[in-house]
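The values are calculated or read from the model by the stated rules, or taken from the named source; none is laboratory data. Source: prediction; values computed, not measured. Cβ: placed from backbone, ideal geometry, glycine included. Neighbour counts: every protein chain shown. Side chains included, ligands, DNA and RNA excluded: accessible areas come from the protein's heavy atoms. Shrake-Rupley method; radii C 1.70, N 1.55, O 1.52, S 1.80 Å.
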Amino acid sequence: MPPPPPARVVTLVVNGRQREFLTPPCGSLLTALREKLGLTSAKRGCGQGSCGSCTVLVDGKAVLSCLLAVETIDASTVETLEGVAKGNDLDEIQQAFLDGFATQCGFCTPGMIMAAEALLSAEPEPGRADVMEAMCGNVCRCTGYQPIVEAIMTAARLRAAGGTP
Ligand code: FES
Ligand code: FES
C-alpha cells in the first residue's frame with residue numbers, strides 16, 4: 001500500500017497575524033482554524049455547505065470554511081469573528097446584533113456576522129433585499145430572521161453615520 005500523502009505547511013494571515021501550520025491533504029479551513037489555530041468562533045454545523053455557521057472571510061470574501069481545502073488558499077488573508085471587534089469595543093454589526101436581539105443560542109451568529117461583514121464591505125448601503133440575498137445561505141434554528149435583517153440594516157446606518165454612537 002502506498003504511503004499516505006504528506007502533510008504540508010500552509011501560511012495564512014489570520015486576523016492580521018501571520019500563522020503557519022501543518023495540514024493533512026484536503027484538510028478544511030474550518031478544521032485548521034479551530035484545531036490548529038485555536039480560533040473557535042467559526043462553527044461546524046452541517047459540515048457540508050448547507051448552514052453557513054462556518055462562514056469566514058478569505059481575501060475579503062465570505063466563504064464556507066468547511067468546504068474549503070486550506071492548502072488551496074496558502075498565503076491568503078483570513079478574517080474570523082475573533083478579529084472583528086475594535087479593541088475592547090464591538091464593531092457596528094456585533095453591536096447591532098446585541099442591541100437588536102438578533103441572537104439567541106449564538107451558534108449561527110459568527111457566520112451571520114461574517115456574512116454581514118462581507119456584504120457591508122462590498123455594499124455599504126444595502127437594501128433589505130440585498131441583505132436577505134446575502135444572508136440566504138446562513139441558517140438560524142432559534143431566532144426569526146427578521147431581527148437579523150434589521151440588525152444588519154441598523155449596522156449599515158451606523159457605519160454610514162460614522163460608527164458606533
Ligand atoms: S458547517 Fe459549513 S456550511 Fe454548515
Ligand atoms: S441564534 Fe441559535 S441558531 Fe441562530
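The residues listed here are LEU30, LEU39; of these, the one that is closer than 15 Å to LEU68 by Cα and surrounded by 14 or more Cβ atoms within 10 Å (Cβ to Cβ) is LEU30.
Considering region 126-141, the residues that are more than 16 Å from ligand 1 (Cβ to nearest atom) and part of a loop (DSSP other than H, G, I, E, B) include one that is least open to solvent (accessible area, probe 1.4 Å), namely PRO126. What do you reckon, is ALA62 over 18 Å from ARG19 (Cβ atoms), at pLDDT 95 or above and not assigned by the TED database to the domain that holds LEU12? So ALA62 does not fit the description; no.
For the structure I just gave you, tell me whether ILE148 is outside any loop (DSSP other than H, G, I, E, B), buried (at least 22 other Cβ atoms within 10 Å of the Cβ), within 14 Å of ligand 2 (Cβ to nearest atom) and of a type in the set (A, V, I, L, M). The answer is yes for ILE148. Of the residues making up region 92-116, those that are touching a residue at least 40 places away in the same chain (Cβ under 8 Å), open to solvent by less than 20 Å² (accessible area, probe 1.4 Å) and in contact with a helix residue (DSSP H, G or I) (Cβ under 8 Å, 6 or more places away or on another chain) are GLU92, ILE93, ALA96, PHE97, ALA102, PRO110, MET112, MET114, ALA115. For region 151-165, filtered to residues that are surrounded by 14 or more Cβ atoms within 10 Å (Cβ to Cβ) and away from ligand 2 (no atom under 16 Å from the Cβ), the residue that is farthest from GLY49 (Cα to Cα) is THR164. When the residues of region 24-47 are filtered to those that are farther than 18 Å from PRO5 by Cβ and small (Gly, Ala, Ser), which remaining residue is nearest to ligand 2 (Cβ to nearest atom)? The extreme case among them is GLY45. Which of the residues belonging to region 1-23 are touching a helix residue (DSSP H, G or I) at 6+ places or on another chain (Cβ under 9 Å) and either over 20 Å from ASP59 (Cα atoms) or surrounded by 11 or more Cβ atoms within 10 Å (Cβ to Cβ) (or both)? Within region 1-23, ARG8, VAL10, LEU12, VAL14, ASN15, ARG19, PHE21, LEU22, THR23 meet the criteria.
Restricting attention to region 67-84 and to residues that are under 9 Å from ASN15 (Cα atoms) and hydroxyl-bearing (Ser, Thr, Tyr), the residue that is surrounded by the fewest Cβ atoms within 10 Å (Cβ to Cβ) turns out to be THR77.
When you look at ALA75, is it on the phi > 0 side of the Ramachandran plot, assigned by the TED database to the domain that holds VAL14 and not acidic (Asp, Glu), yes or no? Give the derivation first.
Details: on the phi > 0 side of the Ramachandran plot: yes; assigned by the TED database to the domain that holds VAL14: yes; not acidic (Asp, Glu): yes.
Criteria met by ALA75.
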